[in-house]
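Here the structure is laid out as structure tokens; the discussion comes afterwards.
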Amino acid sequence: VPEHAELAWILGCLTNVPRLLRLPQWKMKCASQNNEGTVGLLTYPVLQAADILLYKSTHVPVGEDQVLHLELAQDIAQHFNKKYGEFFPVPKAILSEL
């Protein structure tokens, strides 16, 4: 679905790099790759946010390890809505138990 990539590009233009660099998944992967993490790895959480926001999801089932990525989606939705008007609902987590 091309709209996923298109929305990810738009949201990526609204997301600052320091915010992505603070995500623990980036830090762990980058450390295990001798500090040579890829752009794809860095921006993957923005693609995840696009996957959630494209369908205007209000609730998202996530595991504990994905809560921070959902928080990024929430931050991006709030930033987009503040800048362009209310468009995306701010999704809430439904924590799944494993």
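The values are calculated or read from the model by the stated rules, or taken from the named source; none is laboratory data. As the structure is a prediction and not an experimental result, all values here were calculated from the model. Neighbour counts run over all protein chains shown; Cβ positions are idealised from the backbone, glycine included. Ligands, DNA and RNA are stripped out before the accessible areas are found, and what is left, the full protein with its side chains, is counted by its heavy atoms. Shrake-Rupley method; radii C 1.70, N 1.55, O 1.52, S 1.80 Å.
Odds and ends about this structure:
- Carbon/sulfur fraction of accessible area - the chain, other protein chains in place, 1.4 Å, %: 60 percent
- Rounded to the nearest 10 Å², the accessible area of Glu6 at probe 1.4 Å: 110 Å²
- Unit charges on C-beta of K, R, D, E only; dipole of region 13-77, Debye: 140 debye
- For Thr15, the accessible area of its heavy atoms, probed at 1.4 Å with every protein chain present, is near 20 square angstrom.
- Based on protein heavy atoms only, region 1-60 ends up with 64 Å² per residue of surface accessible to a 1.4 Å probe.
- For region 2-95, the relative contact order is 31 percent, taking Cα pairs closer than 8 Å that sit 6 or more residues apart in sequence and dividing their mean separation by the residue count.
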